[in-house]
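**Student:** There's a structure below that I have some questions on.
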Ligand code: PNS
């Protein structure tokens with residue numbers, strides 16, 4: 001196989017990094033991954049380990065849920081990273097950061113992040129995709145709030161995530177539907 005100057009395989013195709021907290025993953029995120037796969041040969045879903053941000057699920061729990069969801073999708077690689085995103089991207093053969101935009105309110109935060117990443121690595125672009133109209137109101141934060149208060153989040157996050165949320169918030173999980181972390 002042909003190699004580039006760094007000794008990497010040239011024929012590995014187009015790769016995008018889709019970074020985020022994914023605490024927890026929602027169908028809004030999944031929609032971005034699926035549409036990303038229409039453009040890229042591979043999407044690396046990279047879960048940020050941020051010790052300063054309090055998360056509901058540990059990074060291991062988030063990894064297990066996401067890996068479980070994409071277990072039959074070989075062109076989605078699930079990983080986690082600590083530190084700067086640009087440093088993590090540098091260890092991969094990705095040239096593009098993929099992010100979803102739900103509303104104009106997301107724009108300022110995303111614009112600052114993309115600009116900072118671009119200033120840290122001028123070869124790196126961020127590609128924004130509009131979240132599908134079915135999920136534009138879905139965020140991990142609101143999912144957690146609704147689930148904590150006993151509201152229904154079915155259809156907005158995978159079933160496995162619904163169950164893990166119920167367990168976290170000590171809400172009843174139908175016995176028949178109890179499954180392991182990796183199911
Ligand atoms: O899902 P989120 O919380 O909006 O994702 C934000 C994330 C994880 C993509 C962002 O905070 C990030 O890239 N963190 C890694 C640290 C970093 O590189 N910071 C500088 C970018 S401004």
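**Student:** From 156, 98, which residue is farther than 17 Å from residue 36 by Cα and at pLDDT 95 or above?
**Tutor:** 156
**Student:** Scan (1) surrounded by 14 or more Cβ atoms within 10 Å (Cβ to Cβ); (2) under 19 Å from the mean Cα position of the chain (by Cα); (3) closer than 20 Å to residue 17 by Cβ for the single condition residue 156 breaks and write down its number.
**Tutor:** Looking at each condition in turn, residue 156 falls short on (3).
**Student:** Enumerate the pairs (first residue in region 78-97 and on the phi > 0 side of the Ramachandran plot; second residue anywhere and part of a strand (DSSP E or B)) with beta-carbon separation below 9 Å, excluding pairs fewer than 6 apart on the same chain, so at least 6 apart or on different chains.
**Tutor:** From region 78-97, the pairs are 83/49.
**Student:** Now a separate question. Is there a residue being in a helix (DSSP H, G or I) and either closer than 23 Å to residue 156 by Cβ or within 9 Å of the ligand (Cβ to nearest atom) (or both) anywhere in region 70-85?
**Tutor:** Yes, region 70-85 has at least one match.
**Student:** Answer yes or no: is there a residue in region 3-26 that is exposed (fewer than 13 other Cβ atoms within 10 Å of the Cβ) and at pLDDT 95 or above.
**Tutor:** no
**Student:** Among (1) over 25 Å from residue 162 (Cα atoms); (2) surrounded by fewer than 17 Cβ atoms within 10 Å (Cβ to Cβ); (3) away from the ligand (no atom under 11 Å from the Cβ); (4) at pLDDT 95 or above, there is one condition residue 105 misses while meeting the rest; what is its number?
**Tutor:** All conditions pass for residue 105, except number (4).
The values are calculated or read from the model by the stated rules, or taken from the named source; none is laboratory data. Bear in mind that the values here come from a model prediction, so they are computed numbers and not experimental data. With ideal geometry, Cβ positions are generated from the backbone for all residues, glycine too; neighbour counts draw on all protein chains shown.
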